[in-house]
Amino acid sequence: MVQYSHPEIARKQLVEKVLPKAGVRDGRILAAFAAVPRHLFVEEVLQSRAYEDTSLPIGFGQTISQPTTLAAILQVLALSENDSVLEIGGGSGYQTALLAHLAQRVFSMERVAPLSKLAWRRLDSLGFSNVALRIGDGTYGWPDKAPFDAIVVSAMSPRVPDYLVAQLRVGGRMVIPLGDRRSQRLVKVIRRPSGIDRIDLAACQFVPLIGRFGWEKRGPAPEGATGGMDS
Ligand code: SAH
């Protein structure tokens with residue numbers, strides 16, 4: 001169908017050119033990007049831009065993350081097909097779908113109910129059966145599904161929420177943007193038998209994590225937080 005040829009070509013370009021150029025070599029991750037139609041996770045008016053390597057607005061002041069940023073996060077998470085993953089800030093559901101391709105089970109939380117409902121419709125119509133979505137404050141995590149092999153937080157927090165660390169298995173890993181109004185860093189956290197290791201990854205720009213163990217209300221982030229990453 002003519003209507004779909006353009007998104008298909010643009011997606012191929014993303015997978016075969018843009019992501020490898022950004023250093024993404026993992027075949028499983030590239031296959032996930034090839035399989036998930038990003039244009040179905042943005043509003044119709046933005047569909048022609050869906051395969052640009054940029055974040056895009058998804059409504060409610062939120063953004064769908066930039067593909068190369070998501071790929072970098074997925075590389076750090078190094079998911080195996082047996083992993084159980086918790087995602088905080090599911091937003092459009094795009095990253096949820098990528099995670100669902102790479103792991104066994106994905107539990108995804110989103111505080112904005114209409115976004116979560118829309119994400120659910122998309123994931124359901126694409127046939128994902130290994131995903132569960134919950135509307136609510138993700139800084140509490142999803143205790144009855146813990147422990148998780150990996151946790152990915154898609155919004156910027158002032159700190160690593162203790163509840164999330166407690167829901168990671170020992171040896172499990174979390175990727176989370178940490179920071180404040182002035183600067184944000186993407187950080188990898190590994191749970192150890194006592195405490196955590198933190199590995200600093202890169203500068204980044206995410207919308208604020210709003211919740212009990214994140215920011216209050218609108219958060220501190222300046223206008224234009226984009227869900228992108230500078231490395
Ligand atoms: N990976 C998503 C990113 C969406 S932006 C995508 O690509 O579409 C980050 C999301 O985190 C927003 O949808 C925002 O509503 C959500 N969020 C912020 N604080 C949250 C919290 N405490 N619990 C759950 N979701 C939260």
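Nothing in this text is a laboratory measurement; each read-out follows from the coordinates by a stated rule. Since this is a predicted model, take the numbers as computed values, not measurements. Cβ sites come from the backbone with ideal geometry, for glycine too, and all protein chains shown count toward neighbours.
Sorted from greatest to least, the principal axis extents spanned by the alpha carbons of region 120-170 come out as 35, 23, 15 Å. Please give the helix 2-13 orientation as an angle from the longest Cα principal axis of the chain, in degrees from 0 to 90, rounded to the nearest 10. On a 0 to 90 degree scale, this one is about 50.
Residue order for D162, D180, D83, fewest other beta carbons within 10 angstrom first, comes to D162, D180, D83. A cut-off under 11 angstrom between Cβ atoms defines the neighbours of V42, and their net charge, with Lys, Arg +1 and Asp, Glu -1, is 0.
I want the antiparallel fraction of DSSP beta bridges within the chain, as a percent rounded to 5.
Roughly 50 percent of the DSSP beta bridges within the chain come out antiparallel.
The amide H of L133, built 1.01 Å from its N in the peptide plane, has S108 as neighbours under 5 Å, considering only residues 5 or more places off or on other chains.
Overall, the ratio between the Cα radius of gyration of region 53-230 and 2.2 N^0.38 Å, rounded to two decimals, is 0.92. Reducing region 65-140 and region 174-201 to their Cα centroids gives an inter-centroid distance of 19 Å.
How much FRET efficiency would the formula 1/(1 + (r/R0)^6) give for K21 and R182, where r is the Cβ-Cβ distance and R0 is 25 Å, rounded to 0.05? Once rounded, the FRET efficiency stands at 0.25. The Cα atoms of region 130-209 define a convex hull whose projected area, averaged across directions, is 5.5 nm².
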